[in-house]
Amino acid sequence: MWYLALNRPRSAMTATVARIGIPMIMWRACSPVFFRIALDGMAASPATTLHVGDLYHVDVVGARAAGLRAALLDPASLYEGADCPRYATLADLAEDVVRGRVEG
């Protein structure tokens, strides 16, 4: 089972995440301590958790430091060449999750 750890205002994510039926947890900081709290709260493991953020050096680096998969929400294509999946929209991400194409 997949879980999404998202660092965005909940209202912006609720409809998309609810549509694909994946549990979601929110927080503002992207440190290994917060990731551990989120994982414990969802009874999830780093290997089955995808953190989606919009800042490479905060979100991707922070998630990887905690052993999570990471992807970027990058609608303005600011991170071309980044070494992680990038998505222009949450709908694009949701499609890849549903189709099993997400890597981290």
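Residue by residue, the range 85-97 carries 3J(HN,Hα) couplings of x, 10, 10, 6, 9, 5, 5, 4, 4, 4, 4, 5, 5 Hz when phi is fed to the Karplus relation 6.51 cos²θ - 1.76 cosθ + 1.60 (θ = phi - 60°); x denotes Gly or Pro. Suppose R0 equals 25 Å. What FRET efficiency, 1/(1 + (r/R0)^6) with r the Cβ-Cβ distance, do Thr89 and Ala18 give to the nearest 0.05? Step by step, r from the Cβ atoms, then E = 0.95.
Would you list Ser77, Ser45 from fewest to most Cβ contacts within 10 Å? Present the calculation step by step, with values, prior to reporting the outcome.
Numbers: Ser77 8, Ser45 11.
So the residues, fewest neighbours to most, are Ser77, Ser45.
Here's how it looks for His51: its modeled amide H is under 5 Å from those of Ala5, Arg69, Ala70, Ala71, which are all 5 or more places away or on a different chain.
Under the 0.36 nm per residue contour assumption, what length would be gained going from the current alpha-carbon distance of Val61 and Asp40 to full extension?
Values: separation 21, 0.36 × 21 = 7.56 nm, distance 2.01 nm.
Gain on stretching Val61 to Asp40: 5.6 nm.
For the range 45-104, how big is the tail of P(r) above 16 Å, as a whole percent of Cα pairs? Kindly include the intermediate steps, with their values, before the conclusion.
Numbers: 652 of 1770 pairs.
Counting pairs separated by more than 16 Å, the tail of P(r) holds 37 percent.
Ranked for footprinting exposure by Cβ neighbours inside 10 Å, fewest first, Thr89, Thr49, Thr16 give Thr89, Thr16, Thr49.
The numbers here are math on the coordinates, done by the rules we state, and not lab data. Remember, it's a predicted structure, so these values are computed and weren't measured experimentally. Heads up, the Cβs are rebuilt from the backbone with ideal geometry, glycines too, and the neighbour counts pull from every protein chain shown.
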